[in-house]
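J.: Right, I'll just put the structure down here and ask away after.
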Amino acid sequence: MKVLQMILLVLCLRKGHTVPVPLCDLQNSEVETVAKHSLTLKGCIGKFSSQEVYVLNVQSKDSFLILEVSRDSQGEDMSAKPPVLIVNTNPGVFLFITGSASHLPVILHYSNHTLSIEGDKPKWKALQSNLPVNSEELLQWAKANYSEVTFFAELQNPKNIYLDLKMDKTGPETCVLQDNFFATDILQTEYRIEGIQKCDIANKEPAKNAYIVHVTHQHPHPSHKVIDINVTINNGPCEKPPMVYMKSEEGYVWNIHNNENIGILASGNSTLHSFQIPATNLPETKDELIRVASRNADLNSISYIHVFDARSVILPVSCVEKKIIPTTKKPEDQCSKLLSSNENYVCNKEKLIFSMNKKVLEVCNLQGPEEISFEDSNCTAKIIQDNLMLSTSNTECMSREVDNTVYNSIQLRDKSQEFKHFLQCKIPTMKIEVFENLDFTSPTKIFDADKITYVRVKTSVANRSKSRCELMVDDKMLWLNSDRHQHSFEDFSWIFNTQGLSLPDANSAKLNCSFCYGYDIQVECCIHESMDVNIIKSNSQVKGLSMESVLGITFGAFLIGALLTAALWFIYTRTRSSFKMQPVPTVPGGSESSSTNHSIDSTQSTPCSTSSRA
């Protein structure tokens, strides 16, 4: 018995040495991580009747709120009455509205303490109303004014809101608020993740940072089982890649977007650049996850990010910066550093544009912008607002274009120093595609005037860029509607459509698209592409004749009928005259002096006869 007690005591002592000890002191972090989900504080849907009514009750810490309203669903006819959008916000909010639904005749009610309404909404009727703050009261206000509510959502601290106008014909008879309501396929919100924690690791030679993304879902779990995560490195590339640990409940898979090296361990199967990564068994709790991450011997820090009900996460990570021994820097060292870090450049087939903040003049002790130039010292800079700008064509100022890349250099000259920095600007690519549907599986060069046609503009540049497309038919120009963006590993895409456009009756047209990109100066660099397309009207060809054809046939039938009537009348009149000129035989045996014979004879006279009797 004593031997058994000793063994148990040793086991307990040994086990006591494995009691987890906190590895580091977690502190709040300033890293801005953004997630997107469809979860609302309160929400509901109602069956569509005669008018669509969408209600948003938004409480936000930010003073600027973006609301993107779209109508992406196909095969749904507009109701007889225009859709209604009711938006209540807390005081002092700037509400910016955008999206493809701007061409619809929407009725907008917004709270009277909303500071401003901006955006592209040419057909919208905006009404400032005294809206209740409480969600239950706001729902009753909407029902009292519009009978029924199609969709309701209460949101807290969203960054961006994406609302898709959809008529639900299968939902409940009436909209009844529910806590933690999933607005799947109707609404998605981006929000900043709060409560991010970070701890520093006391290593002599730290080489990399670790990040734990822990996504949990409230019951009932949403139907989607894919979590998109976009990992960006803000000071890369790194000498040693950061480690990212991704943990969620069983059954969830990860779709990873990243263009630089990172270390990955995920609790579910994951995909990176079309490569499949098998799942890793990760623990369930925060402390255990931190302990797993701490097994790396050369860590600089561990960050823990807890995310609720995320469809997607944008995670910025950073490299470990080498510690520099403090020294007294000379002014020219500060100048070189500023010149190397404070530059922006863009280019296309025609020109190269370079810009930097004009504080370079003060830091580098320059007398004026003429002391900054391209490789050709005659091509000097100009001041535009708060920036210095140099611009040249690809054949001047010693610029060279080789294999779709423009080469030049920036030079700084004064009495005490000379600085030279080489520029290598890759000209962006651009591609136009036309499709019959939104799944982009049926490419075409035909615009059907009776259907919605979609145009996709793909480019290799996404930074601060914009795009537009127009359809030139004879001398008439039609702007295509802008739709949502798409982002993949290789490119950035804009989607346009012809919904609501009245395409003229023409056989051929020219599709012109462009995208422009730039920085904080009022100069943009644009790329242009064109495509020859045809316009048809499928409904007219399938269902029958057009109105013009029907009118033409009707007029032709009337004209032919009139001519036939005239011909018959002419034949009738000529036949009647000939009938009158035929001789009538006399009745034999009668008296010549009788009145009857006299009457008959007298009627035989014609202009061609000389007497009444032969």
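One line per residue, one yes/no per condition, for (1) at positive phi; (2) surrounded by fewer than 15 Cβ atoms within 10 Å (Cβ to Cβ); (3) modelled with pLDDT under 75:
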position	(1), (2), (3)
VAL313	no, no, no
LYS323	no, yes, yes
LEU338	no, no, yes
LYS351	no, no, no
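J.: Restricting the range 263-277 to residues that are assigned to a loop (DSSP other than H, G, I, E, B) and not hydroxyl-bearing (Ser, Thr, Tyr), which is modelled with the lowest pLDDT?
T.: The extreme case among them is HIS273.
J.: So, in the range 246-262, of the ones that are free of Cβ contacts under 8 Å to residues at least 40 places away in the same chain and part of a strand (DSSP E or B), which residue ends up farthest from CYS319 (Cα to Cα)?
T.: VAL253
J.: In the range 278-303, what residues are assigned to a strand (DSSP E or B) and open to solvent by 20 Å² or more (accessible area, probe 1.4 Å)?
T.: Result: ASN300, single match.
J.: Just give me the residues in the range 33-64 being part of a strand (DSSP E or B), among the hydrophobic types (A, V, I, L, M, F, W, C), open to solvent by 10 Å² or more (accessible area, probe 1.4 Å) and over 14 Å from GLN178 (Cβ atoms), in sequence order.
T.: VAL34, PHE64
J.: Report yes if some residue within the range 86-98 is closer than 19 Å to LEU165 by Cα, open to solvent by 30 Å² or more (accessible area, probe 1.4 Å), assigned to a strand (DSSP E or B) and at pLDDT 80 or above; otherwise report no.
T.: yes
J.: Quick check on the range 448-464: of everything there that is under 28 Å from GLU343 (Cβ atoms) and not in a strand (DSSP E or B), which residue is modelled with the highest pLDDT?
T.: SER460
J.: When the range 436-447 is examined, which residues are found to be assigned to a strand (DSSP E or B) and either under 19 Å from SER514 (Cβ atoms) or charged (D, E, K, R) (or both)?
T.: Within the range 436-447, just PHE447 meets the criteria.
J.: Just to verify a result, which residue in the range 383-416, among those that are farther than 21 Å from CYS526 by Cα and of a type outside the set (S, T, N, Q), is modelled with the highest pLDDT?
T.: By that ranking, first place goes to MET398.
J.: Does at least one position in the range 211-218 carry a residue that is modelled with pLDDT under 85 and within 10 Å of SER318 (Cα to Cα)?
T.: Taking every residue of the range 211-218 in turn, none turns out to be modelled with pLDDT under 85 and within 10 Å of SER318 (Cα to Cα).
Table: residues versus (1) open to solvent by less than 60 Å² (accessible area, probe 1.4 Å); (2) within 29 Å of LEU26 (Cβ to Cβ); (3) more than 31 Å from the chain's Cα centre (by Cα); (4) free of Cβ contacts under 8 Å to residues at least 24 places away in the same chain.
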position	(1), (2), (3), (4)
ILE186	yes, no, no, no
ILE201	yes, yes, yes, no
LYS204	no, yes, yes, yes
ILE212	yes, yes, no, no
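J.: Sticking with this structure for a sec: Could you check the range 465-507 and list, in sequence order, the residues that are at pLDDT 75 or above, of a type in the set (Asp, Glu) and crowded, with 20+ Cβ neighbours inside 10 Å?
T.: Within the range 465-507, no residue meets the criteria.
J.: So in the range 508-529, with the set limited to residues that are over 20 Å from SER393 (Cα atoms), modelled with pLDDT of 75 or more and open to solvent by 70 Å² or more (accessible area, probe 1.4 Å), which one is nearest to the chain's Cα centre (by Cα)?
T.: For the range 508-529, the residue satisfying everything is LYS510.
J.: On to the next question. Within the range 378-403, how many residues are in contact with a helix residue (DSSP H, G or I) (Cβ under 9 Å, 6 or more places away or on another chain) and either at positive phi or among the basic types (Lys, Arg) (or both)?
T.: Number satisfying all stated conditions: 1.
J.: Cβ-Cβ under 7 Å, sequence separation 6+ or interchain: first residue in the range 375-397 and surrounded by 19 or more Cβ atoms within 10 Å (Cβ to Cβ), partner among the polar types (S, T, N, Q) and in a loop (DSSP other than H, G, I, E, B). Which pairs?
T.: Qualifying pairs under 7 Å: THR392/SER399.
J.: Out of the strands (runs of 3 or more DSSP E) lying entirely within the range 102-165, which hold 2 or more residues that are without any contact (Cβ under 8 Å) to a residue 60 or more places away in the chain?
T.: In the range 102-165, 107-111, 116-119, 125-129 are the strands (runs of 3 or more DSSP E) which contain 2 or more residues that are without any contact (Cβ under 8 Å) to a residue 60 or more places away in the chain.
J.: If you don't mind, another one. Go through the range 420-435 and give me each residue that's in a loop (DSSP other than H, G, I, E, B) and among the polar types (S, T, N, Q).
T.: Hit for the range 420-435 is THR429, nothing else.
J.: Select from the range 121-149 the residues that are touching a Phe, Trp or Tyr at 6+ places or on another chain (Cβ under 7 Å) and at pLDDT 90 or above and write down the one among them that is most open to solvent (accessible area, probe 1.4 Å).
T.: PRO132
J.: If you don't mind, there's one more thing I want to ask. Somewhere in the range 414-430, is a residue under 30 Å from LYS510 (Cα atoms), acidic (Asp, Glu) and surrounded by 12 or more Cβ atoms within 10 Å (Cβ to Cβ)?
T.: No, there is no match, as no residue in the range 414-430 is under 30 Å from LYS510 (Cα atoms), acidic (Asp, Glu) and surrounded by 12 or more Cβ atoms within 10 Å (Cβ to Cβ).
The values are calculated or read from the model by the stated rules, or taken from the named source; none is laboratory data. The structure presented is a predicted model; accordingly, all values stated were derived computationally and were not measured. Cβ coordinates were reconstructed from backbone atoms using ideal geometry, including for glycine residues, and neighbour counts include every protein chain displayed. SASA here: full protein model, heavy atoms, side chains in, ligands and nucleic acids out. Shrake-Rupley method; radii C 1.70, N 1.55, O 1.52, S 1.80 Å.
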